[in-house]
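Below you'll find the structure, written out as structure tokens, and then a few comments.
The values are calculated or read from the model by the stated rules, or taken from the named source; none is laboratory data. Computed from a predicted structure; not experimentally measured. Note that we place each Cβ from the backbone using ideal geometry, even for glycine, and neighbour counts take in every protein chain shown.
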Amino acid sequence: MDMASQTEPTSEISGVNLTPAAADRVRQFMAREGGIGLRIDVRRTGCSGWAYEVDIAREADDTDHVFEDEGVKVVVSDKAMGMVSGTTVDFVHEGLVREFRFRNPNVVGECGCGESFTVA
């Protein structure tokens with residue numbers, strides 16, 4: 001996958017944090033499906049260029065960045081790290097909507113529907 005210059009690592013990498021609600025949701029998934037924590041990645045898509053991919057981490061590769069917050073491991077691929085460094089992941093339940101939401105300081109634009117984002 002061609003990531004162009006948008007995947008260049010930031011000069012100072014900081015972790016990815018979870019709110020208590022996000023950590024609880026990850027623990028619920030892990031209780032049902034196993035795994036070692038939450039995996040965060042990105043893929044090219046949409047009108048703004050990038051979308052988050054969230055899954056249960058089954059393992060961490062040598063190139064992955066692993067953080068722990070709220071007692072939950074967060075595994076971030078090397079290709080995504082420069083785009084998600086400093087992000088806080090929250091889990092919201094509003095009406096029928098249940099989803100992870102990202103407060104990402106690297107985002108400079110989002111598409112109107114909120115499905116994709118652009119980084120500097």
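Would you confirm whether any residue within the stretch 40-60 is more than 16 Å from LEU18 (Cβ to Cβ), in contact with a helix residue (DSSP H, G or I) (Cβ under 9 Å, 6 or more places away or on another chain) and of a type in the set (A, V, I, L, M)?
Within the stretch 40-60, one or more residues are more than 16 Å from LEU18 (Cβ to Cβ), in contact with a helix residue (DSSP H, G or I) (Cβ under 9 Å, 6 or more places away or on another chain) and of a type in the set (A, V, I, L, M).
Report whether or not ALA21 is surrounded by 15 or more Cβ atoms within 10 Å (Cβ to Cβ), among the small types (Gly, Ala, Ser), in contact with a strand residue (DSSP E or B) (Cβ under 8 Å, 6 or more places away or on another chain) and modelled with pLDDT of 95 or more. Break it down into steps so the answer makes sense when it comes.
Details: surrounded by 15 or more Cβ atoms within 10 Å (Cβ to Cβ): yes; among the small types (Gly, Ala, Ser): yes; in contact with a strand residue (DSSP E or B) (Cβ under 8 Å, 6 or more places away or on another chain): yes; modelled with pLDDT of 95 or more: yes.
Considered against the rule, which asks whether it is surrounded by 15 or more Cβ atoms within 10 Å (Cβ to Cβ), among the small types (Gly, Ala, Ser), in contact with a strand residue (DSSP E or B) (Cβ under 8 Å, 6 or more places away or on another chain) and modelled with pLDDT of 95 or more, ALA21 comes out as yes.
Being in a helix (DSSP H, G or I) and under 12 Å from the mean Cα position of the chain (by Cα) narrows it down to one residue among ALA80, ALA51, ALA23, ALA31; which is it? Show your work before the answer.
On the way: ALA51 fails: in a helix (DSSP H, G or I); ALA23 fails: under 12 Å from the mean Cα position of the chain (by Cα); ALA31 fails: under 12 Å from the mean Cα position of the chain (by Cα).
The conditions single out ALA80.
Any residue in the stretch 31-45 that is touching a residue at least 40 places away in the same chain (Cβ under 8 Å) sitting within a Cβ distance under 6 Å of a residue that is hydroxyl-bearing (Ser, Thr, Tyr) and outside any strand (DSSP E or B)? List the pairs, counting only those 6 or more apart or interchain.
Between residues of the stretch 31-45 that are touching a residue at least 40 places away in the same chain (Cβ under 8 Å) and residues that are hydroxyl-bearing (Ser, Thr, Tyr) and outside any strand (DSSP E or B), the close pairs are THR45/SER116.
So the check is Cβ under 7 Å with 6+ separation or different chains; which pairs have a first residue in the stretch 91-120 that's under 11 Å from GLY49 (Cβ atoms) and a second one that's of a type in the set (Gly, Ala, Ser) and surrounded by fewer than 15 Cβ atoms within 10 Å (Cβ to Cβ)?
Final answer for the pair search is VAL108/ALA120; PHE117/GLY109; THR118/GLY109.
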